[in-house]
Structure formats: C-alpha cells, structure tokens
1. Can you report the number of residues in segment 68-103 which are at negative phi, in a loop (DSSP other than H, G, I, E, B) and out of contact with any strand residue (DSSP E or B) (no Cβ under 6 Å at 6 or more places or on another chain)?
2. Could you run through segment 126-137 and say how many residues are surrounded by fewer than 21 Cβ atoms within 10 Å (Cβ to Cβ) and either among the charged types (D, E, K, R) or in contact with a helix residue (DSSP H, G or I) (Cβ under 7 Å, 6 or more places away or on another chain) (or both)?
3. Report yes if some residue within segment 143-162 is of a type in the set (F, W, Y), out of contact with any Lys or Arg (no Cβ under 6 Å at 6 or more places or on another chain) and part of a helix (DSSP H, G or I); otherwise report no.
4. Within segment 156-176, can you find the residues that are loosely packed, with under 12 Cβ neighbours inside 10 Å and at pLDDT 95 or above?
5. I'd like the full set of residues that are over 20 Å from A72 (Cα atoms) and either touching a helix residue (DSSP H, G or I) at 6+ places or on another chain (Cβ under 6 Å) or open to solvent by 40 Å² or more (accessible area, probe 1.4 Å) (or both), limited to segment 82-104.
6. Only one of (1) free of Cβ contacts under 8 Å to residues at least 60 places away in the same chain; (2) within 22 Å of E51 (Cβ to Cβ) is not met by T121, so which one is it?
7. Sort through A52, A98, A81 and tell me the only one that's among the aliphatic types (A, V, I, L, M), out of contact with any His (no Cβ under 8 Å at 6 or more places or on another chain) and over 24 Å from V175 (Cβ atoms).
Amino acid sequence: MRFDSFSTMQIEFPPSLKPKGRGKKAGLTMQLTFKPMSEEFARQLVTWRYEAPYSMYNVDPCDAEEVVRFCADPSNHYFSATNERGEFVAFRCFGQDAQVSGGDYSDDALDTGGGLRPDLTGRGVGLEVLQAGLAFGQEEFHPKAFRVTVATFNQRALRVCERAGFRETQRFKRVGDGLEFAVLLRR
C-alpha cells in the first residue's frame, strides 16, 4: 500500500453549490485529492463544530492533541480530502477505528468512516464525497466489501450510504451509552 502517495477523484458538484458568473459549464465538477492526514489538517479537523444533533461528532478540546497525533499517524489510515483550491473539505478513515464497540464485525469487509466539513453538510455533496472516498479506498486497499457504522439518529448519513449501495445488516446499542447504531455493507 502506498500511503505516501495521493489520488485525485472527479466528483459532480451540485447545481446549488456551483460558482456563479464563471460560464455555463463552470462548477459542474469538483476535484478531490486524497492524501494521508497531515498534522495541519488534523488540527483543523479537531476544530470542526457541528450543530445539534450532530454535535456528538465534535472533538472535545481536552482530547484535541491526542486526536491530532492519532489522525496524523499514517498507521491509523486517516486521509484528508482537499478540493482543487487545496482546502480541507472531508476525511476518510479505513480499518478498525471506523468500528463502534458492540457491533458484530465478523464479515470480511473493510470498515470506513469519515466526515464532511460542517459548512458543507446538508448541501448535497455527501454522496459524491462518499463515492470518491470509496473509490480511493478501493484503489488503496482492494477490499472485497466496504462496511460503515452510522448512528441511527443520523438519517442524512444513512440515506447517503444507502444511495451509495450500502445495505443494513444489523443494529446494536453502543457499549457504554446505549446509543443505537446501524451497520451497513456494500459488496
């Protein structure tokens, strides 16, 4: 696996987010470049703040340094996604860190998780960013299948995953707090 390399993916850019005044075809696609997470982008990631009910995804400032070190360590398989202007817009992680305690992960699949910069959520780019991340993951890891674990209250994320071809295989309550999660698989 070549974690020191990068990969660029073209994705469709929703009409609502097209740049204005740059010609008829301007803004129809966006390029995402995936690279191993840098310390600089990990530091940006820990400052991302989501509004309720998505605030559970916010990093506790007390844990920020530990999270930065973890995400920037290439052995943990965190990758940043930047747009054509070099702006950090999303991330993907692959492997055990995408699992949630209490789920059954016995299927042969690569776990993946990720996030979109808060100002981009709910604007119609989630599916395209997820698909680009999966294409990158396929290129890097060559899995037989992908698996995602999503909090069931997060209906937006569940819809995006289902539109990307994932199918629910189980539901469970997280060890510790009882929050319900769904596990979805895409072969």
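1. 4
2. The total comes to 2.
3. Step one: of segment 143-162, the residues of a type in the set (F, W, Y) are 146, 153.
When the remaining residues are screened for being out of contact with any Lys or Arg (no Cβ under 6 Å at 6 or more places or on another chain), the result is 153.
Right, trim to part of a helix (DSSP H, G or I) and you get none.
No - not one qualifying residue is present in segment 143-162.
4. Hits for segment 156-176 are R167, R171.
5. Within segment 82-104, E84, R85, S101, G102, D104 qualify.
6. (1)
7. One residue alone meets the criteria, A81.
Here's the yes/no breakdown for (1) under 28 Å from E139 (Cα atoms); (2) at pLDDT below 95:
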site	(1), (2)
K20	no, yes
M30	yes, yes
M37	yes, no
V46	yes, no
R49	no, no
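The values are calculated or read from the model by the stated rules, or taken from the named source; none is laboratory data. In this text, all values refer to a predicted model and were calculated from it rather than measured experimentally. Every residue, glycine as well, gets a Cβ built from its backbone with ideal geometry; the counts of neighbours run over all protein chains shown. These area figures cover heavy atoms from the full protein model, side chains too; ligands, DNA and RNA do not enter into them. Shrake-Rupley method; radii C 1.70, N 1.55, O 1.52, S 1.80 Å.
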